[in-house]
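Participant: Submitted below is the structure of interest, expressed as structure tokens.
The values are calculated or read from the model by the stated rules, or taken from the named source; none is laboratory data. Since the model is a prediction, treat every value here as computed from it, not as a measurement. Neighbour counts run over all protein chains shown; Cβ positions are idealised from the backbone, glycine included. Only protein heavy atoms, including side chains, enter the accessible area calculation; ligands, DNA and RNA are left aside. Shrake-Rupley method; radii C 1.70, N 1.55, O 1.52, S 1.80 Å.
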Amino acid sequence: MPEGNILHRIARIHGQWLVGRSFIADSPQGRFSAEARLLSGRTLVSVDAHGKHLFHHFEGGVRLHIHLGLFGNLKHFRSRAPPPSSACRLRLSSPQASLHLAGPQACELLSPEDEATLRSRLGQDPLRPDASPSRAFEALRRGRIPLAAALLDQERIAGVGNILRAEALFLAHLPPLRPASELSLVDFERLWEALRLLMEDAARDGRIVAPHAPPAPWETPGKRREDRFSVYERGGQPCPRCASPISRVELAGRGLFFCPGCQAPGARGRPARRPRAAPSGRARP
């Protein structure tokens, strides 16, 4: 499932390519035909992301809500688009730009009241300018479930997925299995900053890259996906900070990766930091 940084990146792209245009809307699959007729001919006014949810606002107060879920596929094209797949739930077409949506968990038209109700159930999103860290802190501390489990609860903090939680907890030097209710304000501030930096960079660059050093991810030979990360998908490999083997455990059916040395209870934390500039003559991917 795409994490929040991807949805914010999509919202920015759609804001640049699609906002201000009117579209012919249809549903090649047939499951969204009636709603597509309501969208057809309307101008897209704005696009907004909150956590893992996208909101497209069209003229006349028509609002499209998209949640990609595990299998959703959203493609956008600047010029003439290829024929849609048979699974295409919604197609928005114009001479300048088009959108194809297939397999979403949610694709629906909402009233302003329905949208407000949905947003009220979502936690604070570190990428939104209106996010309240204090409200996120209080929400995250509810109950004694493991901190790593609480981070995936979208009603506590919106947009965090399995990669972000592993990398942010590592950057913040926090034990992932510590009860969430024991999280201190100082530790939370370090965690919030790590999430914000990771998500900002990923929304800009299109991929999550952990700012560990040394070696920096863009200096690491090879093309393996896990080379971008500090701990995620690196079970058994040495920690980039202390060389302890990275641990992998199952938590609520998801793989949880962490360093048993750097993230042990009582480990001393340091503020998260942005990646170093790429060396001269070597471009960051």
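Participant: Just add up the charged neighbours of Leu90: K/R +1, D/E -1, any other residue whose Cβ is under 12 Å from the Cβ of Leu90.
Facilitator: Neighbourhood net charge equals +2.
Participant: Against the longest principal axis of the chain, how steep is helix 185-205, in degrees 0 to 90 to the nearest 10, with axes from Cα atoms?
Facilitator: Value to nearest ten degrees: 50.
Participant: Give the distance, in whole Å, between the Cα centre of segment 38-107 and the Cα centre of segment 112-127.
Facilitator: One Cα centre to the other: 19 Å.
Participant: On a full-extension model of 0.36 nm per residue, what is the gain between Ala106 and Arg37, subtracting their alpha-carbon distance, rounded to one decimal in nm?
Facilitator: Values: separation 69, 0.36 × 69 = 24.84 nm, distance 1.78 nm.
Length difference between fully extended and current span is 23.1 nm.
Participant: Right, another one. Name the shape class, rounded, prolate or oblate, that the alpha-carbon gyration tensor gives for segment 1-54, where a ≥ b ≥ c are the square roots of its eigenvalues, rounded holds for a/c under 1.5, and otherwise prolate holds if a/b is larger than b/c and oblate otherwise. Present the calculation step by step, with values, prior to reporting the outcome.
Facilitator: On the way: a/c = 2.78, a/b = 1.45, b/c = 1.93.
Oblate.
Participant: Round to a whole number: what % of the accessible area of the chain belongs to carbon and sulfur, probe 1.4 Å?
Facilitator: Looking at the chain in its full context, I get 51 percent from C and S.
Participant: With bins 5 Å wide starting at 0, give me the P(r) of segment 63-136 over every alpha carbon pair, in whole percents.
Facilitator: It works out to 3, 13, 18, 16, 18, 15, 9, 5, 2, 0, in whole percents.
Participant: I need the per residue convex hull volume for segment 1-122, using only the alpha carbons, in cubic angstrom as a whole number.
Facilitator: Working: hull volume 11.0 nm³, N = 122.
Expressed per residue, the convex hull around the Cα atoms of segment 1-122 is 90 Å³.
Participant: State in Å² the accessible area per residue of the chain; use a 1.4 Å probe, count heavy atoms of protein chains only, and round to the nearest integer. Intermediate results must be reported in sequence, preceding the final value.
Facilitator: Numbers: 13240 Å² over 285 residues.
So the chain comes to 46 Å² accessible per residue, rounded to a whole number.
Participant: Rounded to a whole number, what is D in µm²/s for the chain from Stokes-Einstein with the Kirkwood radius over alpha-carbon pairs (25 °C, 0.890 mPa s)? Don't skip to the answer; put the middle values down first.
Facilitator: Values: Rh = 20.3 Å.
Using the Kirkwood radius from Cα pairs, D works out to 121 µm²/s.
Participant: If the convex hull of the alpha-carbon atoms of segment 126-205 is projected onto planes in all directions, what is the mean projected area in square nanometres? Mind dumping the intermediate values first?
Facilitator: On the way: hull surface 18.5 nm².
Averaged projected hull area, Cα only: 4.6 nm².
Participant: What angle, in degrees between 0 and 90 and rounded to the nearest 10, separates the Cα long axis of helix 162-171 from the longest principal axis of the Cα atoms of the chain?
Facilitator: Once rounded, one gets 40 degrees.
Participant: Mind putting a number on the dipole of segment 84-217 about its Cα centre? Charges go on the C-beta only, +1 for Lys and Arg and -1 for Asp and Glu, and I need it in Debye to the nearest 20.
Facilitator: Numbers: 16 positive and 17 negative charges, 52 e Å.
Its charge dipole is roughly 240 debye.
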